[in-house]
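Inspection log for the structure reproduced underneath, given as structure tokens.
Values in this text are rule-based calculations from the coordinates and carry no lab data. These numbers were taken from a predicted model, which means no experiment stands behind them. Glycine gets a Cβ as well: all are built from the backbone with ideal geometry, and neighbour counts include every protein chain shown.
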Amino acid sequence: MSTTHTETAAHGHDDHHDDGPVSHSTFKGYMTGFVLAVILTAIPFWLVMGKVLANTHTTSLVILGFAAVQIVVHMIYFLHMDAKSESGWNMLALIFTIVLVVITLAGSLWVMYHMNTNMMPMSVHDMKNMP
């Protein structure tokens, strides 16, 4: 017995449109992400406004840590990125972007540090005689 496409689709046996595991968002997922984002924003705000940590360098590092965690929260809960989405291409593109940003930032900081270190010192007298 032969069935047509419309009969197959009507009975729910249409295998031609199998999209695989698709991430469907839920209200609970969005609220979880929102609450985590608010907490990850409120804690650094409190650390700075309350001057909880005496050392500003420590405070800066803690804030950067919270920022990194918040990026991950946004990627998971709002952008729906994981190792399985788009057959891993999203994750590969993210890793490539992170590598490029790290290389660019590290190279820029390295160049600026060495340019500052290797510049000839100038006195106020030398500055007045410049054209």
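Here are some notes:
- Ile63/Val124 FRET efficiency (R0 41 Å; Cβ-Cβ; nearest 0.05): 0.60
- Added length on full extension, which subtracts the Cα-Cα distance from 0.36 nm per residue, Leu94 to His80: 3.8 nm
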